[in-house]
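Where a number appears in this text, it was derived from the coordinates with a stated rule and is not lab data. The structure displayed is predicted, hence computed values, not measured ones. Using ideal geometry, Cβ is built from the backbone for each residue, glycine included, and neighbour counts are taken over all protein chains shown.
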Amino acid sequence: MSSTTKPGVLMLGVIHHAHAEFDKLSDIADVTQVTSGSRDEFLRDCDNGKYNSIVAISRTYDSVNITGRFDAELVSHLPASVKFISHNGAGYDQVDVQACTDRKISVSNTPTAVDAATANTAIFLILGALRRAWIPQLALREGNWRGASPLGRDPHHLTLGVLGMGGIGTATAKRAAALGFKLQYHNRKPVADLDKQFSPQEAPQYVSFEDLLKTSDVISIHLPLGPATKGLIGRKELGSMKDGVIIVNTARGAIIDEEALADSLESGKVWSVGLDVFEKEPEINPKLIKHPGAVLLPHIGTATIDTQKEMEVLVIDNVKSAIKDGKHLTQVPEQKPVLAKV
């Protein structure tokens, strides 16, 4: 590559909001955008040298429909020139980070940009599940006014267990504190200085995973999906929870055994659920669809104009940083000790 040749950037997917920011990328890079195609086509193009000048790849969550997952097979086909993959999403289970690390390819996500919108969705689902809101909503639409609406629960009498106190979990806890919940959380390790973000009366207490399951009235899940968390909440874990527990999940559906959750809801062990994510999206367990105690959303936690633009801008900023400074702004945490700078 000559000194006058711009590094190549490959954009997989459609930019919906950050058009001006995306257009400016061409000032520092030779940008190629792919918005359609198949995995076989993409792998063939990689093998045929079409992308041999590409240094950084930017991918949307929906671009999985074009290329499939960025799994070990796909990563093995990427040209040696690729050093950066910028993923649009806080969750990055579509990308095999270990395979990228082995190839010395840095991976970034969009952690901070999604915190507020996803936390707002979690609170919406928590409140909806506390009131089993689908029952009066359905009754009203069927002309039955309140119908058989049950009495709900009030947050200030209950303990909320936050499973995963990252950016989204913390944002959810802050909002829940205003509702009067007693807060507790479990993380891989206690979060440093977390108490400084809350008043002394509201600060969440760190508890073990087992204690969180056993003592929480409401459990809100904010974990990334990976080998350690897939199927983390199964029949055994559900059985250890309080009778009448409420479960909310805005993280990834596969963290919970969906069949076991549906059975627990039918048995009454789980009083209600608020779910924005599902194990085999877009499929949803029919038992959940039919159950009046299930408040369900179709994975729209970040589906606001403001947050979608913030995410797109952060992805583009990651690409710009990769091209200009040789590093991502928001590299995924498991790579930071290994690939601090490519």
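Hey, quick one: spin label on Leu151, modelled 7 Å out along Cα-Cβ, who in the stretch 204-219 has an amide N within reach, i.e. under 20 Å? It comes to 217-218, nothing else. Springs between Cα atoms under 10 Å define the GNM used for the chain, and in it the highest mean-square fluctuation of Ala171, Ala262, Ala72 occurs at Ala72. Close amide H pairs (under 5 Å, H built 1.01 Å from N) link Gln33 with Met11, residues at least 5 positions away or on another chain. Between Lys6 and Glu259, the FRET efficiency estimated from the beta carbon spacing at R0 = 51 angstrom works out to 0.50.
Annotation note: GluC sites (Glu not before Pro) in the stretch 141-227 located in DSSP loop regions with a Cβ neighbour count of at most 15 within 10 Å are Glu142. A Förster distance of 25 Å, applied to the separation of the beta-carbon atoms of Ala228 and His17, puts the FRET efficiency at 0.15.
Spacing of the modelled spin labels on Gln33 and Leu329, each 7 Å from Cα toward Cβ, amounts to 2.0 nm.
Each residue, Ala192 and Glu41, gets one label point 7 Å from its Cα in the Cβ direction; the gap between the two is 4.8 nm. Beta bridges per DSSP, both residues in the chain: antiparallel share near 5 percent.
Placing unit charges on the Cβ atoms only, positive for Lys and Arg and negative for Asp and Glu, gives the stretch 12-151 a dipole magnitude near 600 debye about its Cα centre. Once you order the gyration tensor axes a ≥ b ≥ c over the Cα atoms, which shape class does the stretch 163-219 get: rounded for a/c under 1.5, otherwise prolate or oblate by comparing a/b with b/c? Judged from the Cα gyration tensor, the stretch 163-219 comes out oblate (a/c at least 1.5, b/c at or above a/b).
Under a 5 Å amide H cut-off, with hydrogens placed 1.01 Å from N, Ile219 pairs with Gly161, Ile246, Ile247, Val248 among residues at least 5 apart or on other chains. When P(r) over Cα pairs in 10 Å bins from 0, in percent is calculated for this entry, the matching label among (1) 5, 24, 29, 22, 14, 5, 1, 0; (2) 6, 27, 34, 22, 9, 2, 0; (3) 5, 26, 38, 24, 6, 0, 0 is (1).
Backbone geometry of the stretch 188-197 corresponds, through the Karplus equation with coefficients 6.51, -1.76 and 1.60 at θ = phi - 60°, to 3J(HN,Hα) couplings of 4, 8, x, 7, 5, 6, 4, 5, 6, 8 Hz, x marking Gly and Pro. Estimated from the Cβ-Cβ distance and a Förster radius of 41 angstrom, the FRET efficiency linking Ser267 and Ala72 is about 0.55. Mean separation of Cα pairs under 8 Å and 6 or more residues apart, divided by the residue count, gives the stretch 84-128 a relative contact order of 44 percent. Each Lys and Arg contributes +1 and each Asp and Glu -1, all at the Cβ; summed about the Cα centre of the stretch 107-250, the dipole is approximately 260 debye. Taking each residue as 0.36 nm, the span from Glu142 to Ile300 lengthens on full extension beyond its C-alpha to C-alpha distance by 54.3 nm.
Pairs of Lys residues in the stretch 117-242, spaced 8 or more positions apart or belonging to different chains, with C-alpha separations under 17 angstrom: 7 in total.
Only lysines eight or more places from Lys83 in sequence, or on another chain, were considered; those with a Cα closer than 19 Å are Lys6, Lys50, Lys104, Lys320, Lys324, Lys327, Lys336, Lys341.
Couplings 3J(HN,Hα) of the stretch 78-85, computed from phi: 5, x, 4, 5, 6, 10, 9, 10 Hz, in residue order, whole Hz [Karplus 6.51 cos²θ - 1.76 cosθ + 1.60, θ = phi - 60°; x for Gly and Pro].
Residue separation times 0.36 nm, minus the C-alpha to C-alpha distance between Asn65 and Lys290: what's the value?
Here the segment from Asn65 to Lys290 would lengthen by 78.1 nm.
Amide H contacts for Gly166 (H built 1.01 Å from N in the peptide plane; partners 5 or more residues away or on another chain; cut-off under 5 Å): none found. Computed from label points 7 Å out along Cα-Cβ, the spacing between Gln205 and Glu281 is 3.4 nm. With Cα atoms defining each centre, the stretch 199-272 and the stretch 83-105 are spaced 28 Å apart in the structure.
Between the helical axis of 115-130 and the dominant principal axis of the chain, each derived from Cα atoms, what acute angle in degrees is found, rounded to the nearest 10? Roughly 20 degrees, rounded to the nearest 10.
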